[in-house]
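The next block holds one structure in the form of structure tokens; read it before the comments.
What follows draws every value from the coordinates through simple rules; no lab data is involved. Predicted, not measured: the structure shown is a model, and the values here were computed from it. Please note: Cβ atoms are built from the backbone with ideal geometry, for glycine as well, and neighbour counts cover all protein chains shown.
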Amino acid sequence: MELKRLSKHIWYMPFEEERDRPNLGYVKGDNYSIAIDAGHSAAHTRQFYDLLEKENLPLPSMTVITHWHWDHTFGMHAVNGLCLANEKTNQYLATWKEKIETNGPGEFLSMNESIRKEYEGNKEVIVVKADMTFSGEITFDLGGCTVKVMQTEAPHTDDSTVIYVCEDKALFLGDATCPQFPNGAKDPALSRKLADTIREINPDICVEGHWVPVETDDTLVDLLMH
């Protein structure tokens, strides 16, 4: 696995299908750096950090979460710095934290083979809530690099956050464009709303959670196919 450079301010560690690991994004300004999504487990997060250190990039001072699903969040306890999520995402994380701490990880591990592969060898499943929450939209100036973090309606979950790196015209979508979890339907109205949001932001490149970065038109075509 290698760290890929997308643009002037952006790098990412590519997704992996076997353990359902998503792309992990990294945005570096002159003063601060942030990560996009925390990873599936502490091991996933550590691998990401090893790649950053190999490129002499500072570890992120903040990690922004796109939505609550475990492959994007269950590495949060291992991140450097603080985590930011929208309020709804944090509510989901609180529910899973209580569930696993009360009943153990059995239900979680039974959900999918990719989860069992990520946590093989009896690795501990640790869920934490974000350090900070927001609602609506929040903007960060990393130093010569502006990052907008926006809640959005989307077909995949009701807690989607997208992250736009303004100077690089790149939009991180998490899994927002995917069908609804867990039953696999894609609501046409929510797909159109997300498409409208993407058009309004007007990025050149879209980075989805489990796919290679593509031009925005490709993302819109895929999103609106039912």
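Rounded to the nearest 0.05, what FRET efficiency is calculated for D30 and D187 with R0 set to 45 Å and r the Cβ-Cβ distance?
Efficiency computed from Cβ-Cβ geometry: 0.65.
If we sort 127-136, 52-61 on the protection proxy, mean other Cβ atoms within 10 Å, highest first, what's the order?
Numbers: 127-136: 16.0, 52-61: 14.1.
Highest-to-lowest ranking by the protection proxy: 127-136, 52-61.
Which length gain, in nm to one decimal place, applies between D50 and K169 when the Cα-Cα distance is subtracted from 0.36 nm times their residue separation?
40.2 nm
Taking the Cα centre of the chain as the origin, how large is its charge dipole in debye, to the nearest 20, when only Lys and Arg (+1) and Asp and Glu (-1) carry charge on their Cβ atoms?
260 debye
If you rank C178, C83, C166 by fewest surrounding Cβ atoms within 10 Å, what's the result?
Exposure proxy ranking, most exposed first: C166, C178, C83.
Could you give the distance between the Cα centres of region 184-226 and region 122-164, to the whole Å?
Cα centroid to Cα centroid, the span is 18 Å.
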